[in-house]
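Here the structure comes first, spelled out in structure tokens, and everything after it is commentary.
The values are calculated or read from the model by the stated rules, or taken from the named source; none is laboratory data. Because the structure is predicted, anything quoted here is derived from the model rather than measured. Counting neighbours? That spans all protein chains shown, and the Cβs are built from the backbone with ideal geometry, glycine included. Each accessible area value is taken on the protein alone, full model and side chains, heavy atoms only, with ligands, DNA and RNA left out. Shrake-Rupley method; radii C 1.70, N 1.55, O 1.52, S 1.80 Å.
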Amino acid sequence: MSISLKDLDPHEINDWCPGCGDNGILSALKNTIVGMDLDPHNMVVVSGIGCSSKLPNFINTNGVHTLHGRAIPFAEGIKLANPDLTVVIDSGDGDTYGIGAGHFVSAGRRNMDIKLFVHDNGVYSLTKGQASPTLPENRKVKGIPEPNINSAINPLELAIFSGYTFVARTTSYNIKEEVDLMSKAIRHKGLALVDILQGCPTYNPEYTSPQWFTQHTKPLPSTFDPVVKDPADMKEVNAKKRAAIDMLMSEDENNIYTGVFFQWENPDTFEKRLQDRHITAPIHDQIADNDGRSNIDITKTIQSLLV
Ligand code: SF4
């Protein structure tokens, strides 16, 4: 039976500020689930800490609101335990690219079939708007006394260099594009990043308003082809990576592209590597006999611990 938007109604009413871009991302995620006819019971939305990380509370799927910067390892554990689940991470830029940066890079080396939808507003909004790792140098926002003294990282470049096999960018107020990119990311078999430039009208109103995004972002040129045609051809893979990096390095504040930068249907996922080593997911383990009695014998383990 198909689900409707109403089926995804939140467990609780969200407490985001009026006009917050998180609302657009939540709406896009719901529309993606309905559009793809995904089963909410076979879906898990994972988050870390931050305004955006409240999202699992506001959508009627399985969800985990975890620790600061730790959404990725939680999501990896869930996917390893049950590879049949659709696992999505909705977390912020501070959470993912700051304290979670080590996990962000390590995830690229594994290429697990999980999806990162990063709410990127340039500030730590839950803690009053300090500069996040994506706030450009010399940009002044409400929560810092002086213009930002640090330079910004480019999360899309970092993702491509780290091994992500699907890398895209959109904005929180462009629901149509968000749904398109979220759907492509979920259909992609492998690790996908969709960096979503997100409006924070409370702590970064000047640089994240719908007007600012309209004036400073534009779709990638129609001639730009991000898709690797022959997944086994490493020359082509590297050429597509270089083209994506060149495109990203050509950007400036007035020319920020949205769309898919890189897509490689690389069959070498972490799940496939486990399969090759005959390691099965715990979800497929037989843990009880037909009468419901545990078939796991821990006697030897207990004996080994006796002193
Ligand atoms: Fe949204 Fe910013 Fe308000 Fe947080 S502080 S809920 S990110 S508008």
Fill in the blank from the handout: Compactness check, segment 104-245: C-alpha Rg relative to the 2.2 N^0.38 Å globular estimate gives 1.12
Problem - Links that overshoot a 29 Å alpha carbon limit, given the list 6/229; 176/240; 115/142 - result: 6/229; 115/142
Problem - Positive-end residue, the chain charge dipole about Cα centroid, Cβ charges, pick of 165, 114, 245 - result: 245
Exercise for the section: Starting from the Cα of residue 79, draw a straight line to each of the aspartates and glutamates and keep only those under 19 Å, dropping any in the same chain fewer than 8 residues away. Expected result: 39, 90, 113, 265, 268, 271, 276, 285
Exercise for the section: Starting from the Kirkwood radius over alpha-carbon pairs of segment 162-302, derive D by Stokes-Einstein at 25 °C in a medium of 0.890 mPa s and give it in µm² s⁻¹. Expected result: 133 µm²/s
Completion exercise
Kirkwood Rh for segment 69-172 from C-alpha pairs, in Å, is 14.5 Å
Practice task
Return the aspartates and glutamates within reach of residue 140: Cα separation strictly under 16 angstrom, same-chain partners fewer than 8 residues apart disregarded; answer none if there are no such residues.
Solution key: 206, 253
Problem - For segment 75-136: span of alpha carbons on each principal axis (Å, largest first) - result: 38, 20, 14
Practice task
Over the chain, with every protein chain in place, what whole percent of the accessible area is carbon and sulfur at 1.4 Å, could you tell me?
Solution key: 55 percent
Problem - Relative contact order computed over segment 5-280 (Cα-Cα under 8 Å; 6+ residues apart), in percent - result: 18 percent
Fill in the blank from the handout: Expressed to one decimal in nm², the mean projection of the alpha carbon convex hull of segment 224-307 is 12.4 nm²
Completion exercise
Averaging 1/r across every pair of distinct alpha carbons in segment 5-280 and inverting yields a Kirkwood hydrodynamic radius, in angstrom, of 18.7 Å
Handout entry: Charged-residue dipole, Cβ positions (Lys, Arg, Asp, Glu), the chain about Cα centre, Debye nearest 20
Key = 360 debye
Fill in the blank from the handout: Per the helix-only model, the chain has a calculated mean residue ellipticity at 222 nm (DSSP H runs of ≥4, -39500 (n - 2.57) each, divided over all residues, rounded to the nearest 500) of -9000 deg cm²/dmol
